[in-house]
Every structure is written in structure tokens, then in C-alpha cells.
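Have a look at the structure below, then the notes.
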Ligand code: UDP
Ligand code: MG
């Protein structure tokens with residue numbers, strides 16, 4: 001790993017007119033400091049993705065470009081696509097423009113920008129991914145804190161072992177960006193993706209600051225949609241749960257049948273026709289759910305095929 005790298009900092013922005021200028025200026029200061037220590041090249045830059053802002057975010061970005069020249073780059077979406085797509089666009093763009101590593105950070109700078117230098121150090125020590133882990137969630141609302149906790153627990157149960165308090169504040173190497181390029185699926189969930197590809201990962205803990213100006217751009221619906229996307233993009237376990245429910249219901253119907261038959265032929269307590277009805281209802285109910293589960297298995301296969309993820313990723317090859 002070369003000791004001096006070109007770093008790109010990616011900032012997704014949605015209606016961030018109150019903070020974007022100060023954030024860019026702070027981050028340029030951070031870049032200057034790391035450049036002066038000889039850890040990154042002086043053509044390292046900031047790449048802003050305006051995710052269809054309705055306020056003056058983009059015109060501020062254009063002004064910043066005029067002031068700071070090519071150290072500030074960016075793009076503007078024609079409409080709001082959501083934070084994940086803005087991040088993906090940033091990662092794909094800096095790969096095209098050129099960089100050895102890229103760090104994504106929020107426009108409100110809630111994440112500790114001083115951790116950026118530590119990220120770069122970890123990268124130079126050989127990590128392909130350096131993931132920012134929040135020390136706590138003090139700045140989050142009660143609702144967000146607990147729904148996030150439940151989400152990470154659920155993801156772990158479903159087989160996606162993402163560490164809790166994970167964030168999109170991370171460094172990724174050029175190698176990771178090249179792999180990202182092979183994942184063409186539309187609804188890619190970055191936290192799952194960077195974990196799943198299995199590259200050498202370091203974890204750096206950082207303190208979360210409260211948002212200085214403006215308000216959170218996530219609401220209940222966008223958070224739910226992000227969580228559902230995360231689960232369905234990485235796990236077909238929910239489909240398997242349907243099949244399991246079907247099998248359990250069918251097995252239950254046999255036990256029920258035994259009990260109902262005892263009641264009918266030994267105790268003679270059931271009215272005529274009742275036993276047949278109950279047994280058929282329970283058995284076919286179970287059978288239907290089980291059949292849905294089988295359809296789910298094939299649906300899961302189609303889902304995986306449609307995503308057309310690479311079959312494998314070679315780390316090193318000797319030819
Ligand atoms: N963001 C975005 N598109 C959206 C929502 C958010 O690009 O549709 C950006 C936002 O401008 C910020 C980052 O994603 O840079 C995180 O958003 P925010 O700080 O509002 O989230 P929170 O800190 O409340 O989780
Ligand atoms: Mg924030």
C-alpha cells in the first residue's frame with residue numbers, strides 16, 4: 001500500500017443550505033491538515049451529491065466550486081432519490097474521477113471529522129474498509145434509538161452480521177469501489193454490501209455531535225423503507241419463515257386430528273361432521289401456507305438471480 005493516497009470525501013446533501021458551506025470549509029481544513037502530514041495527495045477532493053434539494057444547496061455548491069476550484073466537485077440529481085442512492089452515486093463518481101480511497105460523511109457533520117485522519121491511517125495499515133461505529137446514540141430520538149437497535153438485532157438473526165451502531169461514515173478503498181461496480185442491483189444497501197464482500201475491515205469508534213442547524217432529513221417512512229430495503233436486499237430468510245410456518249401448521253393439524261378423532265370415537269362428544277371439518281380446515285390451511293413457502297423458495301432464487309451479483313470476487317491472483 002502506497003503511503004500517500006488520493007482521498008475523496010463524499011457528502012450526500014438534501015436541503016442542506018444551512019450547513020453545506022461550513023461543512024465543506026471544515027472538511028477542506030481537515031484535508032489540508034492531512035495533506036501537510038504527507039498522508040494524502042494535494043489533489044484530494046470533496047465530492048458533493050445534491051440529492052434533488054429544493055433549497056439553495058446547489059447554488060452554494062456552485063459558489064464553493066468557484067472559490068475552491070477543483071478541490072470541490074459534485075453533481076445534482078434531477079429529483080430526490082434518497083441517501084443510499086446519493087452515496088452510491090458519489091462512490092461511483094469518485095471511482096471514475098480517480099481516487100485511492102473515499103470517505104462518506106453526512107452534510108451536517110454530526111460525525112466526528114477528526115476521525116478522518118484515523119480512517120486514512122487504518123487504510124495505510126492495509127484495511128480496505130474502515131467503518132465508523134457510533135460510541136452512543138445520545139443524539140437520536142428515543143424512537144430512532146430503539147428501532148435502530150431492533151433493526152440490527154433482526155439483521156443479525158436473519159444472517160447479516162452488521163455490527164450495531166454502524167453508520168455510513170466509512171472509508172472504502174479503490175479495490176472496494178471496483179467491486180461495487182460489479183453490483184448492478186438498484187436497491188443496494190451499502191452497510192450490508194460493504195460487510196458482505198468480506199474485505200479487510202477496521203472499526204473506528206467516533207462521537208456523534210448533535211445536528212448544528214437544520215433538521216433530520218429522515219422520517220418514519222424513509223427509515224422504515226431503508227430498513228425493509230436492508231432486510232430484503234440481503235436475506236431470503238423471511239420467505240423461508242413462511243415455509244416453516246406451513247410445516248408447523250400441518251404438523252399441528254395432525255395433533256389436532258388425533259385429538260378430534262379421540263373426542264369423536266372414544267368420548268363421542270363432537271357433533272357429526274365437526275371432526276371432518278376441523279381436520280380438513282387445519283390440514284389444508286397448513287398445506288396452503290407450506291405451498292406458499294415453496295413458491296417463496298423459487299421467488300428467492302429468482303430474486304437472487306435478478307440481482308446478478310458477481311459469483312465470486314478474487315482478492316489476489318498469481319498468473
Ligand atoms: N440525505 C440525502 N437524501 C435524503 C435524506 C438525507 O442525501 O433523502 C443526506 C442528508 O443531507 C445528510 C445525510 O443524508 O447529509 C444524513 O441525513 P440526516 O443528517 O438528515 O440523517 P440523521 O443524522 O438524522 O440520521
Ligand atoms: Mg444527521
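Among the numbered conditions (1) within 22 Å of residue 212 (Cα to Cα); (2) away from ligand 1 (no atom under 14 Å from the Cβ); (3) crowded, with 22+ Cβ neighbours inside 10 Å, tell me where residue 114 comes up short.
Of (1) within 22 Å of residue 212 (Cα to Cα); (2) away from ligand 1 (no atom under 14 Å from the Cβ); (3) crowded, with 22+ Cβ neighbours inside 10 Å, only one is false for residue 114: (3).
Within the set of pairs 6 or more residues apart or between chains, which connect a residue that is within 25 Å of residue 18 (Cβ to Cβ) and free of Cβ contacts under 8 Å to residues at least 60 places away in the same chain inside segment 87-110 to a residue that is within 13 Å of ligand 1 (Cβ to nearest atom) and assigned to a loop (DSSP other than H, G, I, E, B) with Cβ atoms less than 9 Å apart?
89/51; 89/77; 89/81
Considering 30, 49, which residue is touching a helix residue (DSSP H, G or I) at 6+ places or on another chain (Cβ under 8 Å), within 16 Å of ligand 1 (Cβ to nearest atom) and not in a loop (DSSP other than H, G, I, E, B)?
Going through 30, 49 in turn, the sole match is 49.
Any residue at all in segment 196-208 that is under 18 Å from the mean Cα position of the chain (by Cα) and modelled with pLDDT under 85?
Yes.
Taking residue 169 and the conditions (1) within 16 Å of ligand 1 (Cβ to nearest atom); (2) surrounded by fewer than 18 Cβ atoms within 10 Å (Cβ to Cβ), which numbered condition does it fall short on, given that it satisfies the others?
Condition (2) is where residue 169 drops out.
I need the full set of residues from segment 65-86 which are surrounded by fewer than 21 Cβ atoms within 10 Å (Cβ to Cβ), part of a helix (DSSP H, G or I) and either without any contact (Cβ under 8 Å) to a residue 12 or more places away in the chain or in contact with a strand residue (DSSP E or B) (Cβ under 6 Å, 6 or more places away or on another chain) (or both), in order please.
Across segment 65-86, the qualifying residues are 65, 66, 67, 69, 71.
If you go through segment 183-219, how many residues are out of contact with any helix residue (DSSP H, G or I) (no Cβ under 7 Å at 6 or more places or on another chain), more than 16 Å from ligand 2 (Cβ to nearest atom) and over 20 Å from residue 156 (Cβ atoms)?
3
Name the residue, out of 165, 135, 156, that is closer than 20 Å to residue 190 by Cα, within 21 Å of the chain's Cα centre (by Cα) and within 16 Å of ligand 2 (Cβ to nearest atom).
165
Of everything in segment 21-40, what is under 24 Å from residue 118 (Cβ atoms) and crowded, with 16+ Cβ neighbours inside 10 Å? Give them in sequence order.
Within segment 21-40, 23, 24, 27, 28, 30, 31, 34, 35, 39, 40 qualify.
If I go through segment 1-27 residue by residue, how many of them are closer than 24 Å to residue 127 by Cα and part of a loop (DSSP other than H, G, I, E, B)?
5
Limited to segment 191-210, what total is found for residues that are within 15 Å of ligand 1 (Cβ to nearest atom) and free of Cβ contacts under 8 Å to residues at least 60 places away in the same chain?
1
Right, residue 223: modelled with pLDDT under 85 and either closer than 30 Å to residue 118 by Cβ or assigned to a helix (DSSP H, G or I) (or both) or not?
In short, yes.
Of these, 188, 213, which one is within 16 Å of ligand 1 (Cβ to nearest atom), assigned to a loop (DSSP other than H, G, I, E, B) and either over 30 Å from residue 312 (Cα atoms) or free of Cβ contacts under 8 Å to residues at least 40 places away in the same chain (or both)?
The match here is 213.
Does any residue of segment 119-132 turn out to be within 15 Å of ligand 1 (Cβ to nearest atom), in contact (Cβ under 8 Å) with a residue 24 or more places away in the chain, under 28 Å from residue 215 (Cβ atoms) and outside any helix (DSSP H, G or I)?
Looking through segment 119-132, at least one residue is within 15 Å of ligand 1 (Cβ to nearest atom), in contact (Cβ under 8 Å) with a residue 24 or more places away in the chain, under 28 Å from residue 215 (Cβ atoms) and outside any helix (DSSP H, G or I).
If you scan segment 52-68, which residues turn out to be more than 16 Å from ligand 1 (Cβ to nearest atom) and closer than 30 Å to residue 121 by Cα?
65, 67, 68
The values are calculated or read from the model by the stated rules, or taken from the named source; none is laboratory data. Just so it is clear, the model here is predicted, and its values are computed rather than measured. Neighbour counts run over all protein chains shown; Cβ positions are idealised from the backbone, glycine included.
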